[in-house]
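Q: Attaching a single structure in structure tokens format; questions to follow.
The values are calculated or read from the model by the stated rules, or taken from the named source; none is laboratory data. Since we're looking at a predicted model, the values are computed, not measured. Reconstructed Cβ throughout: ideal geometry from the backbone, glycine too, with neighbour counts over all protein chains shown.
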Amino acid sequence: MKIKDYVGIGIVMAAVAVAPKLVGNEYYLGVLIFAALNCLTCTGLCLLMGYAGQISIGHGAFIAVGAYTSAVLTTKLGWSPWTAMGCGVILAAGIAVFMGLPTMRLKGHYLAMATLGFASIIHIVAVAAVDVTGGPSGITGIPRLQLFGFVLNSDTRNFYFYWGIVVAGLLLAVNLIHSRVGRGLQAIHGSEDAAASLGVNIAVDKIKVLVLSAVYASISGSLYAHYVLFIDPGPFDVMHSVLLVTMVAVGGLHNIWGAFSGALLLSLLPEGLSFLSEYLQTFDIRYRTDYDTLIYGGILLLIMLFLPEGLFEGLSRLLKTVFSLRRKWGGGLARHAE
Amino acid sequence: MTSSSFSDILQFFFMGLQRGCIYALAAMGFNMIYNATGIINFAQGEFVVLGGLMMVTLTMAVKLPIPLAFLSTTVFVTLVGIAMERFTINPVKHPTVLRLIIITIAVSIIIKGLAMCFWGKNSHFMRHFSSTETLDFYGATILPQTLWIIGILLLIVAGYIYFFNYTMTGKCMRACAINRDAARLAGINDRKMVMLSFALSAGIGAIAGIIITPIIQMDYARGALLGIKGFGAAVLGGLGNSMGAIIAGVFIGILEALAAGYISSHYMDAIALIILMLVLFVRPSGIFGSSEAMRLKEF
């Protein structure tokens, strides 16, 4: 880990520590808990997109696998949530290996389509397999999580626990990037042929990353189920997967911190938009939540066209150029004055 | 086999044929852009939806005669395709495939969002091209619209063969698909070919949407599923191989209808996706592609 990463982790931990005091409102605390789930998934997705250079448009499906495994095993079989979560992780990892084996051996982005197809299949099964998943009406009565006999029954407790897991996930991801595997992955991104000739096992490494990112998504799904206590197929459609890709791409593909801030930013965006709509209403402009999709698409397109490295790095680069320009011009003006 | 079960199979066959033609057309659209740029256009399904919805407006609200509405819709969606290429693909200075793919995803979200704003969330009904009286065929019934769909697919295939084999522009496009650098050295304007491929692909998508809408009733959210089924057909037929894609598309459509009839209509939509996964596992080059060429393919 570099100093920058320690600083980042420190900032996140400090922010997490003070946030419930600052927010105070249960509703916004809930919004931040959902943001935590997105941050966790996007950290994993960033490893896959930014470092293994592969895109998954079906990460919502891994979330669904985690959520439904947790829900079914705890409500129908009465298993402990932690065992159920473990089963979800194993299942998601197994599916990731199963999908990664054929697609990662091919050149190009077949994984994108395979994951998109997989996500659609999972959604169809979630709606149609009524006996197991409850169909469109979903599963209710999912138990809350317990930690050493300590029930996570308030939003503040959930907030601290969920963000704790996000910090752990970030630590793991950052450490991974600076390990041998991580350097191998970065080499793959630079040039697959060069990396292969230096002894990086490209296909195996890519599959490992896919599995890890699937595990992140699955855990986030289980946590979702135990927070909302009710699941239905609605939130696991393809659009959610696309939204996750948007979060990572907007924040920055090649930087864990970028993906993290992108996820945080876009998770809070709907709240910002609803604020804005109230503001606009005073000017008699009607804003509907239907426009949200359009705004997500617009942001993604603009970022990809003009700041392909993402907001995080793009803005810092922009600031640097502005500063260097000012120094240059400032210096020039000063000389003129003499 | 009794005659009633034979007519059942025939009925499913016809149902599959009409959907299969749409997958075939979507797959052709994928292939055209793939051949010209090496990217998979995730907005392909959105072209189909846009074609269908525009046609609904022009025939049902504006009350244009069908041939005129057909033409204007196709031109409109073709212009959307050209605009997409000009404003989002062409300006990218250092294109990486990942970046271009994400751009097409962004465009698909935007088109979907706009379609939702203009046409709302409910599905739209459109009248058939000719009468809705079914024709009898060995105990099975067939809608005149199905004949229209098959006829238009055949016309497009004929046009496709003529364009790519007997016109200079078509030959230039083929040259670009085989080797872009060599084509550029031979004086072919490859950027123009990319634009043309988006135009053609959007136009074909629009036609697919126009002809299927009387049967399936179009709504704004159908794009993703139509697109991925079309991609399934493209992969099954061998990515980049349009004749293979047509056969594969029709095959997937028929299989889907049989599955809906004999297994469960709930899982009908999963059939094409399972085929897509199986092909990627077993034979990623598709049934008509060579595995040698596959190893070099990149997108």
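Listed here are the residues, each with its yes/no results for (1) in contact with a Leu (Cβ under 8 Å, 6 or more places away or on another chain); (2) more than 14 Å from chain A (Cβ to nearest Cβ); (3) over 26 Å from B:Cys117 (Cα atoms).
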{"site": "B:Asp8", "(1), (2), (3)": "no, yes, yes"}
{"site": "B:Phe12", "(1), (2), (3)": "yes, yes, yes"}
{"site": "B:Leu17", "(1), (2), (3)": "no, yes, yes"}
{"site": "B:Cys21", "(1), (2), (3)": "yes, yes, yes"}
{"site": "B:Leu25", "(1), (2), (3)": "yes, yes, yes"}
{"site": "B:Met32", "(1), (2), (3)": "yes, yes, yes"}
{"site": "B:Phe42", "(1), (2), (3)": "no, no, no"}
{"site": "B:Val48", "(1), (2), (3)": "yes, yes, no"}
{"site": "B:Leu53", "(1), (2), (3)": "no, yes, no"}
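Q: Next up: Looking at the stretch A:213-242 only, could you name the residues that are more than 14 Å from chain B (Cβ to nearest Cβ), out of contact with any strand residue (DSSP E or B) (no Cβ under 7 Å at 6 or more places or on another chain) and either hydroxyl-bearing (Ser, Thr, Tyr) or surrounded by fewer than 22 Cβ atoms within 10 Å (Cβ to Cβ) (or both)?
A: Scanning the stretch A:213-242 gives A:Ser213, A:Val215, A:Tyr216, A:Ser218, A:Ser220, A:Ser222, A:Tyr224, A:Tyr227, A:Val228, A:Leu229, A:Asp232, A:Pro235.
Q: Which of the numbered conditions does A:Arg105 fail, given that it passes all the others? Conditions: (1) within 9 Å of chain B (Cβ to nearest Cβ); (2) among the charged types (D, E, K, R); (3) more than 21 Å from A:Val209 (Cβ to Cβ).
A: Single failed check for A:Arg105: (3).
Q: Next question. I'd like the residue in the stretch B:189-213 that is assigned to a helix (DSSP H, G or I) and of a type in the set (S, T, N, Q) and, out of all such residues, is nearest to the chain's Cα centre (by Cα).
A: B:Ser201
Q: Restricting to the stretch A:110-132, name every residue that is of a type in the set (Gly, Ala, Ser), assigned to a helix (DSSP H, G or I), farther than 16 Å from A:Leu48 by Cβ and within 10 Å of chain B (Cβ to nearest Cβ).
A: Passing the criteria: A:Gly117, A:Ser120, A:Ala128.
Q: Listed residues B:Thr213, B:Thr167; which is β-branched (Val, Ile, Thr), surrounded by fewer than 17 Cβ atoms within 10 Å (Cβ to Cβ) and on the phi < 0 side of the Ramachandran plot?
A: Selected residue: B:Thr167, the only one of B:Thr213, B:Thr167 that is β-branched (Val, Ile, Thr), surrounded by fewer than 17 Cβ atoms within 10 Å (Cβ to Cβ) and on the phi < 0 side of the Ramachandran plot.
Q: Restricting the search to the stretch B:143-175, which residues are over 19 Å from B:Ile210 (Cα atoms) and outside any helix (DSSP H, G or I)?
A: Listed by number, the list holds a single entry, B:Thr167.
Q: Out of (1) farther than 30 Å from B:Asn241 by Cβ; (2) surrounded by 14 or more Cβ atoms within 10 Å (Cβ to Cβ), what's the single condition that is false for B:Leu147?
A: The single condition B:Leu147 does not satisfy is (1).
Q: Given the residues A:Pro136, A:Pro143, which is the only one that is part of a helix (DSSP H, G or I) and over 22 Å from the mean Cα position of the chain (by Cα)?
A: Working: A:Pro143 fails: part of a helix (DSSP H, G or I).
Going through A:Pro136, A:Pro143 in turn, the sole match is A:Pro136.
Q: Also, I was wondering about something else. Mind telling me which of the residues B:Val62, B:Val97 ends up being over 17 Å from the mean Cα position of the chain (by Cα), surrounded by fewer than 24 Cβ atoms within 10 Å (Cβ to Cβ) and touching a residue at least 60 places away in the same chain (Cβ under 8 Å)?
A: None of the other options fit; the residue is B:Val97.
Q: Please state which one of A:Thr83, A:Thr115, A:Thr103, A:Thr133 is surrounded by fewer than 17 Cβ atoms within 10 Å (Cβ to Cβ), out of contact with any Lys or Arg (no Cβ under 6 Å at 6 or more places or on another chain) and not aliphatic (A, V, I, L, M).
A: On the way: A:Thr115 fails: surrounded by fewer than 17 Cβ atoms within 10 Å (Cβ to Cβ); A:Thr103 fails: surrounded by fewer than 17 Cβ atoms within 10 Å (Cβ to Cβ); A:Thr133 fails: surrounded by fewer than 17 Cβ atoms within 10 Å (Cβ to Cβ).
Just a single option satisfies the conditions, and that option is A:Thr83.
Q: Also, quick follow-up: Within the stretch B:100-154, can you find the residues that are at the interface with chain A (Cβ under 9 Å from one of its Cβ atoms), of a type in the set (Val, Ile, Thr), free of Cβ contacts under 8 Å to residues at least 60 places away in the same chain and in contact with a Ser or Thr (Cβ under 8 Å, 6 or more places away or on another chain)?
A: Matches in the stretch B:100-154: B:Ile103, B:Ile109.
Q: Starting from residues that are at pLDDT below 85 and of a type in the set (S, T, N, Q), keep the ones in the stretch B:101-131 and report whichever is nearest to the chain's Cα centre (by Cα).
A: Here the answer is B:Ser130.
Q: What pairs can you find where one residue is in the stretch B:225-238 and away from every other protein chain (no Cβ under 11 Å), the other is among the aromatic types (Phe, Trp, Tyr) and surrounded by fewer than 24 Cβ atoms within 10 Å (Cβ to Cβ), and their Cβ atoms are less than 7 Å apart, with a gap of 6+ or different chains?
A: That search, which allows pairs on different chains as well, returns B:Gly237/B:Phe288; B:Gly238/B:Phe288.
Q: Filter the stretch A:88-109 down to residues that are in a helix (DSSP H, G or I) and over 21 Å from the mean Cα position of the chain (by Cα) and give me whichever is farthest from A:Gln54 (Cα to Cα).
A: Filtering the stretch A:88-109 for residues that are in a helix (DSSP H, G or I) and over 21 Å from the mean Cα position of the chain (by Cα), the one farthest from A:Gln54 (Cα to Cα) comes out as A:Phe98.
Q: With the requirement that a residue be at pLDDT 80 or above, within 22 Å of A:Cys42 (Cα to Cα) and in contact with a helix residue (DSSP H, G or I) (Cβ under 6 Å, 6 or more places away or on another chain), what does the stretch A:183-202 give you?
A: Residues satisfying the conditions are A:Gly184, A:Leu185, A:Ala187.
Q: Go through (1) in contact with a His (Cβ under 7 Å, 6 or more places away or on another chain); (2) away from chain A (no Cβ under 14 Å); (3) aliphatic (A, V, I, L, M) and name the single condition B:Val97 misses.
A: Going through the list (1) in contact with a His (Cβ under 7 Å, 6 or more places away or on another chain); (2) away from chain A (no Cβ under 14 Å); (3) aliphatic (A, V, I, L, M), B:Val97 breaks only (2).
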